[in-house]
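I have placed the structure first, in the form of C-alpha cells, so that the comments after it can refer back to it.
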2 protein chains.
Amino acid sequence: MAHDVRILTEADLRHALSLDLPLIDAVEQGFASLARGGVVMPPVLSMALEEMNAEVDVKTAYVPGFDDFALKVSPGFFNNPAKGLPSLNGLMILLSAETGLVRAVFLDNGYLTDLRTAAAGAVAARHLAPEVTTAGIFGTGVQARLQARAAHLVRPFQRCLVWGRDAGQAAACARDIAAATGAACRACDDPAEVVQQSQLVVTTTPATEPILQREWLHPGLHITAMGSDQAGKTEIAAAALAAADLYVCDRVSQCVLMGELRAARAQGLMPDEPPELGEIIIGTAPARRDAQQVTICDLTGTGVQDTAIAAFAMARIGTAGTRITA
Amino acid sequence: MAHDVRILTEADLRHALSLDLPLIDAVEQGFASLARGGVVMPPVLSMALEEMNAEVDVKTAYVPGFDDFALKVSPGFFNNPAKGLPSLNGLMILLSAETGLVRAVFLDNGYLTDLRTAAAGAVAARHLAPEVTTAGIFGTGVQARLQARAAHLVRPFQRCLVWGRDAGQAAACARDIAAATGAACRACDDPAEVVQQSQLVVTTTPATEPILQREWLHPGLHITAMGSDQAGKTEIAAAALAAADLYVCDRVSQCVLMGELRAARAQGLMPDEPPELGEIIIGTAPARRDAQQVTICDLTGTGVQDTAIAAFAMARIGTAGTRITA
C-alpha cells in the first residue's frame, strides 16, 4: 500500500532546528521515558571494517508515548579526512510505532546526532552541576563547541577554559565558544588548571588513556564525560570515577561496555550498579546533595535520544523536504 | 560535504528488476564471496515490540569486491493486516564501502528482500537439487509463488504440487505458479504426497512445529527450507534433517540461532559443523554426490544477499528515482 515518506536533508534540518531549550527538553523527556520503563532499546549493532579503518553503528529505541521510533545508521570512516570528507556522516529513519511504515528519512550527515549528543550534556548539567561561573572543555571538535553552547543554556557561565592537544585548535575553539555564548573564553594548556578553575567540565575527546586525574577533583565540581563511546576509549581515571560522590550513566548496560565504567570495572573498581540519568530526572534516584559534592555523568549516546530528536525534528520541520510516494 | 543520494521507490524497483537469471547470479556471487572470506556480517539486530505484536530486524554485510554495502531495516507489524496494511515493509540503504556516504535509499517495502530470498532458493536448487520433473511447495504466500518461479529458472520442472493449510489459498497459489511457469500445477491436501511425488521441495511456511517428516524422505530429493528465520520457527523434523545425506546452511552462525538447525541441536542432533551454501558454490565443500542422495538447504536470509541485490539494483536502475543533494 502506497504511503508518503518525507525526505529531509541536512540543510532542511539546519534551517529548522538549532540547539535551544525546547530541543534540550525533548531529549530530557527521552531520558525520563527510559527511566519510566517500557522502552525497548536493543544493544548497538556495531560493524568494524578494519580494512577500511571504518566502523558502522546502528542504534534504535522504541519509546512508549512517542508515535514513531528512530533508527540511526552512523558510519565512521576515519580515512575520509585525507579525501576531504568528514569521518562521520549517516542518516536517521523514522518509522511508525503503530504500523512500522517508514515516515521519514533524515539525510542529516550526523547533524541530529550532534544536536542530541550536546542536548544530553545540557540535561546532565541541568540535573547534576552546581552553580557554574567557569566551565571547562576538553577537546576542540564539533562537540567541544556544541557542549559548551548546550551547557551555557542551562548554566550560563561567565568564563570558559578550553584544553586540547593542539594549542591552535584550542584557541580557535575558545573563540567560537566566546562568539556563541558571550562568555570570556580562552585556551589553557594545562588540563589540571582547567579542572581546578571550573565547576563544570565536559570532556569531548577520543582519548584512549585517561586525561582527567583523581587529584584534580575538588569540591563543587560536575564532570560530563561524553568522549568515550567505544570499548577502547577512556577520558577519566578510574580512581577519579571511584572518588566522585555520585557517578551517573546515561544507560548502565552501555557504559559498562563502552563508557568510562568499562575501564573502571576492568580495574576492579565501581562494582555497584550506578543510577541512570533518567532516574535522576524523574526523581527515583538521588541527584547532587549539596554544592560541595563531586558528580560525574558518563554519556555513551542512546537510541532513546535519537527517537526523541527525530520526533522533535518532525514536529518542527513544517512542510520542508521532499515527499516521495513509496 | 554535499553529495547526491538516490531515492528509489518500490514502483521504480518493480519496473527495473524482476526475478531472472542475472539476478540469481548476482545473489550467487554474494554467497560465493561469503565463502571466500573477508565478509563482515554482524549478528542481526532484532528488536521485539511485544506491545505492538511487532518486530524490527536490521541486517547488513560488507562484502569485499562490492563498491557499496547495504543495510536493511525490516519491520514486521503483525496487526497490520487488520488495518488493511501488509505486515512486512521496510527499506534498504546503500552506503559507499570507501567513504560510508549514503548512496541510495530503496523505499522498497520489502520487494528487494522478496527477490533476494527467492534468488537464494534458486541458488540452492541449482547447486543441490537433482533433475526435477515435479516440484513441491509448502505454503501459499508471496514466497511460495516466488520460490516456485525462481526454482523453475534453474530446474524447469513440468509439474508442481502446492500444499497449504487453506485449500482455497493453495489452489490460488497453484494457479499463479502455473501462469508464471507454464508447468502443470495443482493444490494437494496431503503434504506427504507432495514430498513423495517431488524431487525438489521448497518450504515457505511460518510453522512453529515441524511439517515435513523423516518418513517422507526418498532417494533423489532436495529440500530447501526457507520459512524458519526466527528462534520459534521450524518446518522440518529434526530426524529428517539428521537423516539427510547432506545438510547445508546459508550461514551456520544464523541457522544455529534461527534456522532448522536450532531445533535439531535442541534435540541433541546434528552436532557437526555443516557446510555453507557458498562453500558448495566455490567448490570447497562437496555438493550432491549422486542422483539418489537426499539434500537439505536451510535458508535464514543473510546480509550478504541484501548487499548483492542492492548492488544489482543500482546497476539496473539507470536514471530512475529522485536525486536529493544531502
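The values are calculated or read from the model by the stated rules, or taken from the named source; none is laboratory data. The structure presented is a predicted model; accordingly, all values stated were derived computationally and were not measured. As a convention, Cβ positions derive from the backbone with ideal geometry for all residues, glycine included, and neighbour counts pool all protein chains shown. With ligands, DNA and RNA removed, areas are computed over all heavy atoms of the protein, side chains included. Shrake-Rupley method; radii C 1.70, N 1.55, O 1.52, S 1.80 Å.
Can you give the mean number of other chain Cβ atoms that lie within 10 Å of the Cβ atoms in peptide B:109-118?
Taking all residues of B:109-118 together, the mean is 1.
A:ALA2 label points, 7 Å along Cα→Cβ, one per copy: pairwise distances from this copy to the rest in nm, shortest first?
Ordered by increasing distance: 2.9 nm.
May I ask you to rank B:LYS233, A:LYS72 by accessible area, largest first, using a 1.4 Å probe over the protein chains only?
Correct descending sequence by accessible area is B:LYS233, A:LYS72.
Based on the Cβ-Cβ distance of B:ALA315 and B:ALA242, what FRET efficiency does E = 1/(1 + (r/R0)^6) give at R0 = 56 Å, to the nearest 0.05?
About 0.85, to the nearest 0.05.
Could you go through region A:37-47 in sequence order and give the Karplus-derived ³J(HN,Hα) for each residue, using 6.51 cos²θ - 1.76 cosθ + 1.60 with θ = phi - 60°, rounded to whole Hz, and x for Gly and Pro?
x, x, 6, 10, 9, x, x, 4, 7, 10, 10
Just for chain A, what percent of DSSP beta bridges are antiparallel, to the closest 5?
50 percent
Name the residues whose placed amide hydrogens come within less than 5 Å of the amide hydrogen of B:HIS3, ignoring near sequence neighbours (fewer than 5 apart) on the same chain.
Amide H to amide H, under 5 Å and 5 or more residues apart or across chains, B:HIS3 pairs with B:ALA326.
How much accessible surface area, in Å² rounded to 10, belongs to the heavy atoms of B:ASP166 with a 1.4 Å probe?
Counting only protein heavy atoms, B:ASP166 exposes about 80 Å² to solvent.
What order do A:ARG145, A:ARG36 take when sorted by accessible area (1.4 Å probe), most exposed first?
So, going from the largest accessible area down, we get A:ARG36, A:ARG145.
Leaving ligands, DNA and RNA out of it, report the carbon-plus-sulfur percent of the accessible area of the protein assembly as shown at a 1.4 Å probe.
50 percent
Please state the relative contact order of region B:138-219 as a whole percent: Cα pairs under 8 Å, 6+ residues apart?
34 percent
Provide the buried accessible surface between chains B and A in square angstrom, both chains summed, 1.4 Å probe, rounded to the nearest 100.
Buried: approximately 4000 Å² between A and B.
What net charge is computed for the residues neighbouring A:ASP298, neighbours being all others with C-beta under 13 Å from the C-beta of A:ASP298, Lys and Arg scored +1, Asp and Glu -1?
Net of charged neighbours comes to -1.
For the peptides B:220-227, A:311-318, what is the packing order when you average, over each peptide's residues, the other Cβ atoms within 10 Å and list the highest mean first?
Ranked by mean Cβ neighbours within 10 Å, highest first: B:220-227, A:311-318.
Considering only lysines 8 or more places apart in sequence, or on different chains, count the pairs in the protein assembly as shown whose C-alpha atoms sit under 28 Å apart.
Lysine pairs meeting the criterion: 20.
Run the dipole for region A:12-140 about the Cα centre, Lys and Arg Cβ at +1, Asp and Glu Cβ at -1, nothing else charged, and hand back the magnitude in debye, nearest 20.
Value, rounded to 20: 40 debye.
With a probe of 1.4 Å, find how much accessible area region A:128-301 has per residue, and write the answer as a whole number in Å².
Each residue of region A:128-301 exposes 40 Å² on average to a 1.4 Å probe.
Name the residue, out of A:ASP190, A:ASP250, A:ASP272, whose mean-square fluctuation peaks in a Gaussian network model built on chain A with Cα pairs under 10 Å.
Highest fluctuation among the options: A:ASP272.
For chain B, what is the charge dipole size about the Cα centre, in debye to the nearest 20, if Lys and Arg each add +1 at the Cβ and Asp and Glu each add -1 at the Cβ?
Dipole of chain B, to the nearest 20 debye: 520 debye.
Per DSSP helix of 4 or more residues, -39500 (n - 2.57); summed, then divided by the residues of chain B. What does that give at 222 nm, rounded to the nearest 500?
-10500 deg cm²/dmol
Across the residues of B:78-87, average count of Cβ atoms on other protein chains within 10 Å?
Mean number of neighbouring Cβ atoms from other chains: 3.
What list of ³J(HN,Hα) couplings, whole Hz, do you get for region A:159-168 from phi and the Karplus terms 6.51, -1.76, 1.60, once you set θ to phi - 60° and write x for glycine and proline?
These are the phi-based 3J(HN,Hα) values: 10, 9, 10, 10, 10, x, 5, 9, 4, x Hz.
For the residue pair A:ASP190 and A:LEU21, what label-to-label distance in nm results when each label sits 7 Å from Cα along the Cα-to-beta-carbon direction?
Here the modelled spin labels are 3.8 nm apart.
For region B:121-301, compute the orientation-averaged projected area of the C-alpha convex hull (one quarter of its surface), in nm².
8.8 nm²
When Lys and Arg each count +1 and Asp and Glu each count -1, what net charge do the other residues less than 11 Å away from B:ASP4, Cβ to Cβ, add up to?
It works out to a net charge of +3.
Write down the percent of antiparallel bridges among all DSSP beta bridges whose residues are both part of the protein assembly as shown, to the nearest 5.
Taking every DSSP beta bridge with both residues in the protein assembly as shown, the antiparallel ones total about 50 percent.
Using only protein heavy atoms and a 1.4 Å probe, report how much of A:PHE78 is accessible, in Å² to the nearest 10.
Only protein atoms counted, so the area is about 90 Å².
Taking Cβ-Cβ under 4.7 Å as the only way to count a partner, pick out the unpartnered cysteines of chain A.
If one checks each Cβ against the other cysteines of chain A, A:CYS173, A:CYS188, A:CYS297 turn up with nothing under 4.7 Å.
Contour minus end-to-end for A:GLN213 and A:ALA266, with contour as 0.36 nm per residue of separation and end-to-end as the Cα-Cα distance?
Value of the extension gain: 17.4 nm.
Relative contact order for chain A: what percent, with Cα pairs under 8 Å and sequence separation of 6 or more?
Relative contact order here is 22 percent.
I'd like the distance separating the alpha-carbon centroids of region B:33-111 and region A:166-182, in whole Å.
With region B:33-111 and region A:166-182 each reduced to a Cα centre, they are spaced 41 Å.
Report the net charge of residues surrounding A:ARG262, where surrounding means a beta-carbon distance below 10 angstrom and charges are Lys +1, Arg +1, Asp -1, Glu -1.
Result for the neighbourhood of A:ARG262: 0.
Quick one: 3J(HN,Hα) in Hz for region B:103-110, Karplus 6.51/-1.76/1.60 with θ = phi - 60°, rounded, Gly and Pro as x.
My calculation for region B:103-110 gives 9, 7, 10, 9, 7, 9, 6, x Hz in order.
Going from most exposed to least, what order do B:ARG186, A:ARG116 have by accessible area with a 1.4 Å probe?
B:ARG186, A:ARG116
Looking only at other chains, what is the average number of their beta-carbon atoms within 10 angstrom of each beta-carbon in B:93-99?
Across the residues of B:93-99, the mean count of other-chain Cβ atoms within 10 Å is 6.
Determine how large the accessible area of A:THR325 is when every protein chain is in place; take a 1.4 Å probe and give Å² rounded to the nearest 10.
90 Å²
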